[in-house]
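Have a look at the structure below before the remarks.
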Amino acid sequence: MENLLGQGRLAIDLIVDEGSFVENALTDLNLPCEDYGPGAVVGSAQLNGEICTVIANDAMAFNPRFPVVYAGVIGLEEGYKMALAVYRTMEMDRLKDATEKRPLVLIVDTPGNGPGKLEEIIGMNKATGAYQLALAQARHAGHPIIAMVIGRAISGAFLCHGLQADHILSLTSEFGTMIHVMPLSSIARITRQDVERLSELSRSNPVFAAGPEFFWQLGGVEELLNSIEQMKEAVARHVHEVRSAKQTLGTIATGPQGRGLSGNQRGGRQTRSAILAQMRHEYQAIAEHYQPA
């Protein structure tokens, strides 16, 4: 197999224990209808014998109620369904010790959000934002969250389906994976810079570049995998690493804050800490005007 582009469901079987994934098998998930959010695949599985929640997006699915949701796009229904899966997982493990809370495995292959006019009116951003918030709350509650990028991880969809994970893993670019916040053509329109100039910058500046290798330099990826066969072992290993980090260093050691520190160490985000320090200093000078009496 050359790559896993569009094969989110197949990737589930390659990561969890064989035959253990059961779709929608989360207590009281209560989906509005049977075919709700067809692009979102959620359920329970076993990872080396340990129960986990799996959340993937199916790039082969099409949502007939929202024509802009296809090819892995995460839309309103998909975001809401994924958020429900996270909150049900948290509720099922609410009384468990943090060391016993089940992992969440996110399988990522999405070209972004597809905000059609109808979805924007109904509230797509609220649904995808709810999913992002749910993952952040689960991470702070002690659930290890591992995102495995098997294809595309782009724009706002990656923001809600991946970036809130404790650790992000990715197949290398040889497998067609692509990670970036925005295509160069879009950046050019916003910054009013020539695409040619941005293309030149992308060869040396990881902020403009697309691809898991550049994202690793920024600290955005904890590990790059050189083969599909490595995925299961790597995901299981990072579950244990995250649990250990949470116990010894707290929740700030993983997730977005931990990746910021990694980016600084790898030379990709060297000014981040100085800018944060400056922002804190400037805020403290005016903080009393914004704090409640």
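A few comments on the model shown:
- Of F214, F158, the order by accessible heavy-atom surface (1.4 Å probe, DNA, RNA and ligands excluded), from most exposed downward, is F214, F158.
- Here the extension length gained between E50 and V195 equals 47.4 nm, from 0.36 nm per residue of separation less the Cα-Cα distance.
- Count Lys and Arg as plus one, Asp and Glu as minus one, and take only other residues whose Cβ is under 12 Å from that of S20; the net charge is then -4.
- 3J(HN,Hα) along the range 166-174: 5, 10, 10, 10, 8, 5, 5, 5, 4 Hz, from the Karplus curve 6.51 cos²θ - 1.76 cosθ + 1.60 with θ = phi - 60°, whole Hz, x for Gly and Pro.
- On a per residue basis, the chain carries 49 Å² of accessible surface, using protein heavy atoms and a 1.4 Å probe.
- Across the alpha-carbon atoms of the chain, the computed radius of gyration and Dmax are 19.2, 63 angstrom.
- Spacing of the two label points (7 Å from each Cα toward its C-beta) at Q284 and L29, in nm: 4.9
- Here the accessible area of the chain is 54 percent carbon and sulfur, with a 1.4 angstrom probe and all protein chains present.
- When each of the peptides 237-246, 10-19 is scored by the mean number of other C-beta atoms lying within 10 Å of its residues, the order from highest to lowest reads 237-246, 10-19.
- Förster radius 22 Å - calculated FRET efficiency between T248 and R272 (Cβ-Cβ, nearest 0.05): 0.40
The values are calculated or read from the model by the stated rules, or taken from the named source; none is laboratory data. Small disclaimer: the values here were computed from a predicted structure and weren't measured. All Cβ positions, even for glycine, are placed from backbone atoms using ideal geometry, and neighbour counts span all protein chains on display. In case anyone asks, the SASA skips ligands and DNA or RNA and just uses the protein heavy atoms, side chains included. Shrake-Rupley method; radii C 1.70, N 1.55, O 1.52, S 1.80 Å.
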